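Engineer: Got a structure here, written out as structure tokens. Questions coming.
The values are calculated or read from the model by the stated rules, or taken from the named source; none is laboratory data. Since we're looking at a predicted model, the values are computed, not measured. Heads up, the Cβs are rebuilt from the backbone with ideal geometry, glycines too, and the neighbour counts pull from every protein chain shown. Note: areas computed on protein heavy atoms with side chains; ligands, DNA, RNA excluded. Shrake-Rupley method; radii C 1.70, N 1.55, O 1.52, S 1.80 Å.
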Amino acid sequence: FSFFGIGIAVHLPAADMANRFGSNAAAHSNFSYKFKSGFTLTANGGFLFGNTINEGNILRGISTSDGEIIGNDGRISQIRLFERGYFTCIDAGKIFSLKKPNPNSGIWITLGAGFIQHKIRIENIGNAVYGLDKEYVKGYDRLTNGLMLHQFVGYVYFGNKRLVNFFAGIEGLQGFTQNRRSYNFDTMSTDSKKRLDVLIGIKAGWILPLYTKPDKFYYN
């Protein structure tokens, strides 16, 4: 049978990712197929978002001596920086049945590979800033992407009445990435460094099982 999942994860960054961002959250979804043997095949996807930027003052080149940024109308602009990104992957795994409440529940272990991308979102509230228009902002946003490995170890629960179904566990992501912008305005250089972007966190979600035929389980 197949099942659809949706939920949220909270990650801590490591390796090169920790130099750029703080902790983040991810809204994620997945679609899985479980074989009678307990093996699973899953398509995963998620959106990353966070509020902590560790990159330093990337806008210092267009700031005043007081650290302010002046808009085109001469007023001080309110600039906010955020982490934004997404990932997608295909995982193979297995549910090791614990028999109760039914044979579909148990320890779920998966391993897969896919693609990850992240950047610094620069949000300007109010007046426009010429140095941060659609084209110039690319010189500051650190758009980065590459191939990714993905792991999950946790528990999946399917209730006999099909009303309460969920999963929860530990998730790991390792991205082998690189900056995709040709030039960073603040450093006045090209960043061609190969990165290892690691996220480790807790993931949980709700499941909608899509049984192809009625499943009944009886226990004394």
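Engineer: Would you look at the GNM of the chain, springs on alpha carbons closer than 10 Å, and say which of 61, 112, 139 moves the most?
Structural biologist: Residue with maximal mean-square fluctuation among 61, 112, 139: 61.
Engineer: Only one of the listed values, (1) 22.5, 89; (2) 21.9, 77; (3) 19.0, 57, was derived from the coordinates as Rg and Dmax of the Cα atoms in Å; which label is it?
Structural biologist: The listed entry that was calculated here is (2).
Engineer: So which chymotrypsin sites (Phe, Trp or Tyr not before Pro) in region 22-70 pass both tests, a DSSP loop state and at most 16 other Cβ atoms within 10 Å of the Cβ?
Structural biologist: 35
Engineer: Through the Karplus equation 6.51 cos²θ - 1.76 cosθ + 1.60, θ set to phi - 60°, convert the phi angles of region 74-81 into ³J(HN,Hα) values in whole Hz; use x for Gly and Pro.
Structural biologist: Running phi through 6.51 cos²θ - 1.76 cosθ + 1.60 with θ = phi - 60° gives x, 8, 5, 8, 9, 10, 10, 10 Hz.
Engineer: Here is a further query. Most fluctuating residue of 103, 13, 209 in a GNM of the chain with Cα springs under 10 Å: which is it?
Structural biologist: Sorting by GNM fluctuation, first place goes to 103.
Engineer: How many percent of Cα pairs in region 1-41 exceed 12 Å?
Structural biologist: 67
Engineer: Among 154, 106, 74, which one shows the highest mean-square fluctuation when the chain is modelled as a Gaussian network with alpha-carbon springs under 10 Å?
Structural biologist: 74
Engineer: Here is a further query. What's the whole-number percent of alpha carbon pairs in region 61-100 lying beyond 16 angstrom?
Structural biologist: Distances greater than 16 Å cover 66 percent of the Cα pairs.
Engineer: For region 26-141, just say rounded, prolate or oblate: build the C-alpha gyration tensor, square-root its eigenvalues into a ≥ b ≥ c, call rounded for a/c under 1.5, and beyond that prolate if a/b exceeds b/c, oblate if not.
Structural biologist: Since a/c reaches 1.5 and a/b is larger than b/c, the shape of region 26-141 is classed as prolate.
Engineer: Do you know the relative contact order of region 74-207, to the nearest whole percent, from alpha carbon pairs under 8 angstrom that are 6+ apart?
Structural biologist: 22
Engineer: Cα-based count: Lys pairs in the chain below 20 Å, eight or more positions apart or different chains?
Structural biologist: 28
Engineer: Another question about this same structure. Can you give the extra length, in nm with one decimal, that the chain gains between residue 39 and residue 124 once fully stretched, where that is 0.36 nm per residue apart less the Cα-Cα distance?
Structural biologist: 25.8 nm
Engineer: Shape of region 111-186 from its Cα gyration tensor (a ≥ b ≥ c, root eigenvalues): rounded if a/c is under 1.5, otherwise prolate when a/b > b/c, or oblate?
Structural biologist: oblate
Engineer: A follow-up question, please. Before I look further, what does region 62-220 give for accessible area per residue, probe 1.4 Å, in whole square angstrom?
Structural biologist: Ligands and nucleic acids excluded, the figure is 56 Å² per residue.
Engineer: Okay, next question. Show me, bin by bin at 5 Å from 0, the whole-percent P(r) of region 1-77 based on Cα pairs.
Structural biologist: 3, 12, 13, 11, 11, 12, 11, 8, 5, 4, 4, 3, 2, 0
Engineer: On to the next question. State the percentage of accessible surface on the chain attributable to carbon and sulfur atoms; use a 1.4 Å probe and exclude ligands, DNA and RNA.
Structural biologist: Carbon and sulfur atoms account for 62 percent of the accessible area of the chain.
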